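**Q** What follows is a structure written as structure tokens; I'll ask about it next.
The values are calculated or read from the model by the stated rules, or taken from the named source; none is laboratory data. Please read these numbers as outputs of a predicted model, since none were measured by experiment. Ideal geometry is used to build each Cβ from the backbone, glycine not excepted, and the neighbour counts take in all protein chains shown. All accessible areas refer to the heavy atoms of the entire protein, side chains included, with ligands and DNA or RNA removed. Shrake-Rupley method; radii C 1.70, N 1.55, O 1.52, S 1.80 Å.
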Amino acid sequence: MYKINTNYQKLPGNYLFSTVAKKVAAYKEAHPEADLIRLGIGDVTLPLVPTVIDALHKSVDEMGHAETFHGYSPDLGYAFLRDTLVEKVYKPLHAEVASDEIFISDGAKSDSGNIQELFSEDNIIAVTDPVYPVYIDSNVMAGRCGTYDNATGKWSDVVYMPCVRENNFVPDFPKRTPDIIYLCNPNNPTGTTLNKSVLQDWVDYANREHALIIYDAAYESYITEDDVPHSIYECEGARTCAIEIRSFSKNAGFTGVRLGFTVVPKDLVQNGASLHDMWARRHGTKFNGAPYIVQRAGEAVYSDQGQKEVKEEVAYYMRNAHTIKAGLADAGFEVYGGINAPYIWLKTPEKMTSWEFFDYLLDKAHVVGTPGAGFGPSGEGYFRLTAFGSYENTLAALERIKKL
Ligand code: PLP
């Protein structure tokens, strides 16, 4: 008789975005005439840039000829892409990362969900609250996190580090020392950031406590302020306490193409075991590589022309972010984020809960956002809007919200 992994049954049933989708579908059925503007889910909307499309066409043609055909990718990914990342991403930051410490993958969701496999069940994880849900859910599936309390919205064995306006969205060092700390910078969902000196404090803390930081830099390309680090390896000592996860989804619009990478420095050694070797083993056993054509497309992102084009797309989204932030502030809302990230995090007015505000905005303005409570208990009373819509829709949504 087969036995199931009962940890799955511990997960609260309502994955945030499916609940939002169900509510929106029900509203649309009741009000078919409603012209909804969706600023909820964090998916890009602009097409792939011409340089990426050219690289895809070229590599697709290569696949059609025996002399240039490519089968399985090398375990870590093609050297042409890993070398490019060292040269174009890490060297300009004076961050020490070697080409063979980079593992190419199909995206940051897979890597941030899978990385916990390297650690035993009894590790205590710490997350900023609110948080990208994958970090907790993937640990629950592996039997960590304890039990879920519906009343508080918390897992008994997870260390929650609230990020709220009262602490300027900067987490305090927790009372209970964790083993593994997830940091996302710039942060999803708050759109706020940790500056270099705060991140350095976290690196020092992790080294002191022999903890590991899993650093998700999926929104790195949206950083506009000089004191916000683009990589955790800009901090001294990060090579002995941090894994960094990156994505091509939001910097180059690869959400439907799929490409990401994870850096596991060789200095990460615990009880004689190298995390780099363990991740290499896992990668080799469970993953057969991102497609050749996609890795070529990823390389093209870092050509001079590719960089020019993808930066224009990021700038387009950031114009939306600034427009939403300024417009909502004008209308009297308390707003955060939107300076180094494509997310605007607003305080719900009149002490509305975040789901009440979701319903209110859907019904009165036909605008769809994401309730903060879905990202964790400290997200209650907040609401997330994304800058990934078209500029015209963003302006229209703002006009509707202002009219309320
Ligand atoms: N990490 C964070 C913080 C995200 O917000 C997202 C996507 O929204 C991801 C990772 C997933 O990235 P990818 O598309 O590379 O899987």
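**Q** For segment 336-382, what's the relative contact order in percent, using C-alpha pairs closer than 8 Å and at least 6 residues apart?
**A** Working: 52 pairs, mean separation 15.6, N = 47.
Once normalised by length, the contact order is 33 percent.
**Q** Same structure, new question: Once a ≥ b ≥ c are taken as the square roots of the eigenvalues of the Cα gyration tensor of segment 212-322, is the result rounded (a/c under 1.5), prolate (a/b larger than b/c) or oblate (a/b not larger than b/c)?
**A** Numbers: a/c = 2.71, a/b = 1.41, b/c = 1.92.
Because a/c hits 1.5 or more and a/b fails to exceed b/c, segment 212-322 counts as oblate.
**Q** Could you sort GLU356, GLU62 by their accessible area in this structure, using a 1.4 Å probe and putting the largest first?
**A** Working: GLU356 100, GLU62 40 Å².
Descending order: GLU356, GLU62.
**Q** Need one number: nm distance between label points at ASP267 and MET141, each 7 Å from Cα along Cα→Cβ, rounded to one decimal.
**A** 3.2 nm
**Q** Moving to a separate point now. Just how far, in whole angstrom, is segment 207-272 from segment 43-74 if you go by their alpha carbon centroids?
**A** Cα centroid to Cα centroid, the span is 26 Å.
**Q** Going 7 Å from the Cα of LYS58 along its beta-carbon direction, which residues of segment 86-119 have the amide nitrogen within less than 13 Å of the resulting point?
**A** The answer is none, because no backbone nitrogen lies closer than 13 Å to the label point.
**Q** Is the shape of segment 4-156 best called rounded, prolate or oblate, per the rule: a/c under 1.5 gives rounded, else a/b larger than b/c gives prolate, else oblate, with a ≥ b ≥ c the square roots of the Cα gyration tensor eigenvalues? Walk me through the numbers on the way to the answer.
**A** Numbers: a/c = 2.22, a/b = 1.32, b/c = 1.67.
Oblate shape, in that a/c is at least 1.5 and b/c is the bigger or equal ratio.
**Q** Could you give the nm distance between label points at ALA151 and LYS28, where each point is 7 Å from its Cα heading toward the beta carbon?
**A** Going from the ALA151 label point to the LYS28 one covers 3.9 nm.
**Q** Now for a different question. With each label point set 7 Å from Cα along the Cα-Cβ vector, what nm distance links SER120 and LYS196?
**A** Here the modelled spin labels are 3.9 nm apart.
**Q** Moving on to the next point. Assuming R0 = 30 Å, what is the FRET efficiency of GLN9 and LYS286, from their Cβ-Cβ distance, to the nearest 0.05?
**A** Numbers: r = 24 Å, r/R0 = 0.79.
Efficiency, rounded to the nearest 0.05: 0.80.
**Q** Right, another one. Over the chain, what is the percentage of antiparallel beta bridges among all DSSP beta bridges, to the nearest 5?
**A** Details: 22 of 40 bridges.
About 55 percent, rounded to the nearest 5.
**Q** Students sometimes get this wrong: rank ARG208, ARG239 by accessible area, probe 1.4 Å, all chains present, largest first. Mind showing how you got there, number by number?
**A** On the way: ARG208 145, ARG239 35 Å².
Output order, biggest surface exposure first: ARG208, ARG239.
**Q** Moving on to the next point. Under 1.5 on a/c is rounded, so check that first for segment 193-239, then, if it is not, pick prolate when a/b is larger than b/c and oblate when it is not; a ≥ b ≥ c are the square roots of the alpha carbon gyration tensor eigenvalues.
**A** Details: a/c = 2.54, a/b = 1.80, b/c = 1.41.
Since a/c reaches 1.5 and a/b is larger than b/c, the shape of segment 193-239 is classed as prolate.
**Q** Could you tell me the relative contact order of segment 257-404? Use alpha-carbon pairs under 8 Å, at least six residues apart, and round to a whole percent. Working shown, then result.
**A** Values: 172 pairs, mean separation 27.6, N = 148.
The value is 19 percent.
**Q** Next question, about the same structure. Rounded to the nearest 0.05, what FRET efficiency is calculated for ALA315 and MET1 with R0 set to 56 Å and r the Cβ-Cβ distance? Numbers along the way, then the final one.
**A** Values: r = 57 Å, r/R0 = 1.03.
Efficiency for this residue pair is about 0.45.
**Q** Heavy atoms only, 1.4 Å probe, whole protein assembly: order LYS91, LYS28 by accessible area, highest first. The partial results should precede the final answer.
**A** Numbers: LYS91 110, LYS28 75 Å².
Largest to smallest exposure gives the sequence LYS91, LYS28.
**Q** How high is the relative contact order of the chain, given as a whole-number percent (alpha carbon pairs under 8 Å, six or more residues apart)?
**A** Values: 757 pairs, mean separation 93.5, N = 404.
The value is 23 percent.
**Q** For segment 199-331, give the share of DSSP beta bridges that are antiparallel, in percent and rounded to the nearest 5; count only bridges with both residues there.
**A** Numbers: 6 of 10 bridges.
Roughly 60 percent of the DSSP beta bridges within segment 199-331 come out antiparallel.
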